[in-house]
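J.: Dropping the structure in here first, questions after.
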Amino acid sequence: MESARIIAGLARMVRDVGLAEELAQDALVAALEQWPESGVPDNPGAWLMAVGKRRAIDRIRRERRLESKLAEIGHGLEAGELPPEFETVLDEERIEDDVLRLVFTACHPVLSTQARVALTLRMLGGLATDEIARAFLVPEPTVAQRIVRAKRTLTEAGVPFEVPEGPDRAARLSSVLEVVYLIFNEGYTATAGENWVRAELCQEALRLGRILAGLAPDEPEVHGLTALMEIQASRTRARTGPSGEPVPLREQDRALWDRLLIRRGFAALLRAKEIGGPPGPYVLQAAIAACHAQALTAEDTDWRQIASLYGILARVAPSPVVELNRAVAVGMADGPAAGLALADALADEPSLRGYHLLPSVRGDLLARLGRPEEARAEFERAAGLTRNAPEQRILLARAASLRTP
């Protein structure tokens, strides 16, 4: 629970994220050794930070390249003072600032997307390397190498431990939100493996989103992303059947939707709107999710409003995936023929060539148009493209149901 705060506070002191993590781990090891005998202190965070600070000073003493810093610290110790960056960091406002700096550092664009995700989960989520590897179905050494390389890259690039300002802040914030949403999406619909949902990743992303909303309260897109994840996460219990099979949105038991998460999502969306300004992509996606959440039954869904919101989203943040989602919404609002026309326009889109949801959407629209053979072929093609086993079984079952006797 204290890991991210301790790392953030130490990183501000030593200006090195990798070293800060080592020092925080040293402090945690000391706690594991001492607390069973001495008991857990009244303020565990303060205890850990104090130990981390002492380890930082010890480390500096051992580093010849920091002799000048050591002299400054030694003089401060003799005078009963410390340099400002080594004074207490237990003040809540300063801790929150440090955590925000750590968020922006771990998600710096100098790192690849994969490295940003791994480092964020390691530094802010406190997940062990093997846990991250299991979550993304990659070998543990691969994740370990990504994290090591990421720390090295940050150090070599001289990335400052700070919250950027002006245009740079907006660009970096986009990177931060992208990383959090990638983590959430991998949990919401697993790319591969035997599980359709990985709830622990959704929860971790949602926790990070809530922290970020507290750290950057005047950023509407932060609240938009939090709202989107709250509302999407509310459907978790209804998204899988007894055997873990996927349950489509229109077939879900909406009584299983978590109303508390929905209310939290609506509150976050309202906060984003109160801040003002043109709606960004996360605010728009949250508004779409809210349309679904407001419908007590699938038949009550306001598909025209959803299609309209997707039209705005396509202008704000154009992408083939947004267009595919718009095709689904238009297919529900204006009929399958209208939706199929939009989906067919994406047939030659290079980025969707291996995307299983394109043939899946086309299969659904073709089935509704009474063209079962074409629909069956699309569902079989979609099943061949997905790497998620439960989803593959559902697609093959839909294809089988369309076979002529």
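J.: For GLY277, all conditions in the list (1) of a type outside the set (Val, Ile, Thr); (2) part of a helix (DSSP H, G or I); (3) in contact with a helix residue (DSSP H, G or I) (Cβ under 7 Å, 6 or more places away or on another chain); (4) surrounded by fewer than 17 Cβ atoms within 10 Å (Cβ to Cβ) hold save one; what is the number of the exception?
T.: (2)
J.: Pick out, from segment 289-405, the helices (runs of 4 or more DSSP H) lying fully within it that include 2 or more residues that are in contact (Cβ under 8 Å) with a residue 60 or more places away in the chain.
T.: Once the helices (runs of 4 or more DSSP H) in segment 289-405 are filtered for at least 2 residues that are in contact (Cβ under 8 Å) with a residue 60 or more places away in the chain, what remains is 389-401.
J.: Here's another thing I want to ask about it. In segment 336-372, which residues are surrounded by fewer than 20 Cβ atoms within 10 Å (Cβ to Cβ), among the acidic types (Asp, Glu) and over 15 Å from VAL322 (Cα atoms)?
T.: Within segment 336-372, ASP348 is the sole residue that qualifies.
J.: Could you name every one of the helices (runs of 4 or more DSSP H) located completely within segment 45-143 that has at least 2 residues being at pLDDT 70 or above and under 17 Å from the mean Cα position of the chain (by Cα)?
T.: Qualifying helices (runs of 4 or more DSSP H): 92-106, 113-123, 129-136.
J.: Within segment 242-251, does at least one residue satisfy the condition of being within 23 Å of SER3 (Cβ to Cβ) and touching a Gly at 6+ places or on another chain (Cβ under 9 Å)?
T.: no
J.: Please go through (1) closer than 15 Å to TYR188 by Cβ; (2) at pLDDT 95 or above; (3) touching a Leu at 6+ places or on another chain (Cβ under 9 Å) for ARG239 and return the number of the only condition it doesn't satisfy.
T.: Against the list (1) closer than 15 Å to TYR188 by Cβ; (2) at pLDDT 95 or above; (3) touching a Leu at 6+ places or on another chain (Cβ under 9 Å), ARG239 comes up short only on (2).
J.: Right, PRO318: surrounded by fewer than 15 Cβ atoms within 10 Å (Cβ to Cβ) and either over 19 Å from ARG250 (Cα atoms) or not basic (Lys, Arg) (or both) or not?
T.: Criteria met by PRO318.
J.: Oh, and also: What number of residues within segment 242-261 satisfy the criterion of being over 17 Å from ALA199 (Cβ atoms) and either buried (at least 16 other Cβ atoms within 10 Å of the Cβ) or over 23 Å from the mean Cα position of the chain (by Cα) (or both)?
T.: 5
The values are calculated or read from the model by the stated rules, or taken from the named source; none is laboratory data. Bear in mind that the values here come from a model prediction, so they are computed numbers and not experimental data. Because the Cβ atoms are built from the backbone with ideal geometry, glycine has one as well, and the counts that use them run over all protein chains shown.
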